[in-house]
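J.: Sending over a structure as structure tokens; questions will come in a sec.
Just so you know, all these numbers are worked out from the coordinates, no wet-lab data involved. Treat the numbers as computed from the prediction; the structure is a model and nothing was measured. Glycine gets a Cβ as well: all are built from the backbone with ideal geometry, and neighbour counts include every protein chain shown.
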Amino acid sequence: MYPDFIGIGAQKAGTTWLSHNLQRHPEIWMPADRTGPLFEVHYFDEKMYEPTNVVPRLFGRLSGKRIVDRRWRRQVRARMRKHLGEFHKDDFLWDLRYYAGSPGDRWYASLFEPGRGKVVGEITPSYSMLDTEVVARVHEKMPRAKIIFMMRSPIERAWSQSVMHFGKNKKREMESLTDRELRRTLKKEGSRSRTDYLRTLENWGAFYPEEQIFVGFLEDIHFYPGELLRGAYEFLGVDKTFTPPGVGKKVHARSTGRMMLKAAIYLAQLYREELSRLSEHFGGYASFWLFCAERLAEDRPEEGYLPYPLWDSAIWQEWIEDAGQPDYQSGPLSAVRLA
């Protein structure tokens with residue numbers, strides 16, 4: 001029972017909000033329990049490569065020092081606390097299968113058995129970085145699956161990822177970094193790969209037709225949350241008139257309310273070429289992303305802060321004075337791209 005849909009990212013582009021609101025639809029089932037958290041399955045980017053023998057696999061998880069090992073231990077502890085506080089047999093058995101089962105295609109399919117009779121899916125933002133060989137394997141197993149990809153201004157996305165990183169380790173504040181340290185943090189390879197939207201769409205589009213790929217924009221979550229959710233529901237073939245309560249509410253947002261100006265200027269320079277290509281492909285919000293980069297490239301002091309997200313900044317007001325308030329833009333790739 002493979003998923004009917006897969007959310008492939010991008011990280012820090014509204015995927016948690018989308019996952020939260022998709023999971024609340026009565027016709028949709030996703031890996032989550034009664035109280036959360038929402039699960040990222042990580043099969044095609046991580047678990048597919050794990051040892052099938054349970055002993056070395058669990059030993060590696062319990063003693064390993066990799067990020068994935070530490071995350072596994074953190075999640076298992078959190079899940080155990082939940083089960084001790086409020087035990088539900090079905091949730092416990094699902095966790096047992098997920099955390100202790102032997103990863104493989106049959107194992108992956110079994111994770112969605114509880115959703116039989118509904119539209120089932122998962123969202124793992126790291127799938128945006130899969131290469132074509134792995135996407136080919138996904139397509140081999142799920143040729144009719146629908147793909148959902150959320151996008152955000154590369155400047156904002158990279159900044160948000162850095163804020164998340166420093167918020168987790170809590171050892172230093174972003175403001176305490178030297179210029180060299182800040183640039184190295186913002187330029188990390190993982191961050192660049194997660195922001196290469198056109199590469200992601202090219203890799204997945206090599207196997208899935210545009211009608212099977214839904215592209216969403218974070219700005220639509222802010223300005224048109226109901227329209228975006230109805231569009232996603234319609235794309236997945238479920239009742240689009242269902243409206244979960246609090247649809248416009250942020251979910252797990254780590255917004256600091258401001259962005260370091262020197263970080264914004266550096267990111268504008270770093271992503272200038274990608275922003276130009278995105279504007280050519282999508283117009284609309286992507287044109288605003290490019291406009292931001294061009295404004296930030298003008299002479300201005302590098303000390304200080306910008307309002308964040310950037311739709312709260314004076315740059316947004318400058319843009320809409322010329323371009324006008326943008327319309328809702330998200331939808332199937334065939335409908336949103338310009339070139």
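J.: Taking H as built 1.01 Å from N, whose amide H comes closer than 5 Å to the amide H of W29, not counting residues under 5 places away?
T.: Placed amide hydrogens put V119, V120, G121 under 5 Å from W29.
J.: Still on this structure, please answer the following. Taking other Cβ within 10 Å of each residue's Cβ, how do M260, M80, M151, M142 sort, fewest first?
T.: Numbers: M260 23, M80 13, M151 27, M142 17.
Taking fewest neighbouring Cβ atoms as first place, the list is M80, M142, M260, M151.
J.: Give the value in nm², to one decimal: projected area of the alpha carbon convex hull of the chain, averaged over all directions.
T.: If you wrap the Cα atoms of the chain in a convex hull and average its projections, you get 17.8 nm².
J.: To check you understand DSSP bridge types, tell me what percent of the beta bridges within the chain (both residues inside) are antiparallel, rounded to 5. List each step's numbers first, then the result.
T.: Working: 5 of 18 bridges.
So the antiparallel bridges in the chain amount to around 30 percent.
J.: Going toward the positive end of the dipole of region 211-339, with +1 on Lys and Arg Cβ and -1 on Asp and Glu Cβ, which of M259, T243, L218 do you reach last?
T.: Among M259, T243, L218, the one farthest towards the positive end of the dipole of region 211-339 is T243.
J.: Just N21, N203, N53 to compare: in a GNM of the chain, with alpha carbon springs under 10 Å, which one fluctuates most?
T.: With Cα springs under 10 Å in the chain, the top fluctuation among N21, N203, N53 is at N53.
J.: K146: which aspartates and glutamates have alpha carbons under 12 Å from its alpha carbon, excluding same-chain residues fewer than 8 sequence positions away?
T.: Hits, sequence-local ones excluded: D4, E122, E210, E211, E234.
J.: Right, something else. Under the rule a/c < 1.5 gives rounded, and otherwise a/b versus b/c splits prolate from oblate, where does region 99-203 land using the Cα gyration tensor?
T.: Values: a/c = 2.67, a/b = 1.92, b/c = 1.39.
Note, shape of region 99-203 comes out prolate.
J.: Here's a follow-up. Once R0 is set to 25 Å, what does the formula 1/(1 + (r/R0)^6) return for the Cβ-Cβ distance between K141 and F242, expressed as a FRET efficiency to the nearest 0.05? Don't jump to the answer; show the numbers that get you there.
T.: Details: r = 29 Å, r/R0 = 1.15.
The formula returns an efficiency of 0.30 here.
J.: If you don't mind, another one. What shape does region 187-237 have by the C-alpha gyration tensor, where a ≥ b ≥ c are the square roots of the eigenvalues, rounded means a/c under 1.5, and otherwise prolate means a/b greater than b/c and oblate the rest? Could the numbers behind the result be given before it?
T.: Values: a/c = 3.81, a/b = 1.33, b/c = 2.85.
Oblate, because a/c is 1.5 or more while a/b does not exceed b/c.
J.: For a 25 Å ceiling on Cα separation, which of these pairs sit above it: K187/K262; K12/K187; K89/K118? Walk me through the numbers before you get to the answer.
T.: Working: K187/K262 14 Å; K12/K187 16 Å; K89/K118 21 Å.
From the list (K187/K262; K12/K187; K89/K118), the Cα-Cα distance tops 25 Å for no pair.
J.: Still on this model: What is the dipole size for the chain, taken about its Cα centre, with +1 at each Lys and Arg Cβ and -1 at each Asp and Glu Cβ, in debye to the nearest 20? Spell out each step's value before the answer.
T.: Numbers: 51 positive and 46 negative charges, 403 e Å.
About 1940 debye.
J.: What is the Cα coordinate range of region 1-120 on the first, second and third principal axes, sorted by size from largest, in whole angstrom?
T.: Rounded to whole Å, the extents work out to 39, 32, 29 Å.
J.: Does region 171-267 classify as rounded, prolate or oblate by the C-alpha gyration tensor (a ≥ b ≥ c root eigenvalues; a/c under 1.5 gives rounded; else a/b over b/c gives prolate, otherwise oblate)? Working shown, then result.
T.: On the way: a/c = 3.48, a/b = 1.57, b/c = 2.22.
Judged from the Cα gyration tensor, region 171-267 comes out oblate (a/c at least 1.5, b/c at or above a/b).
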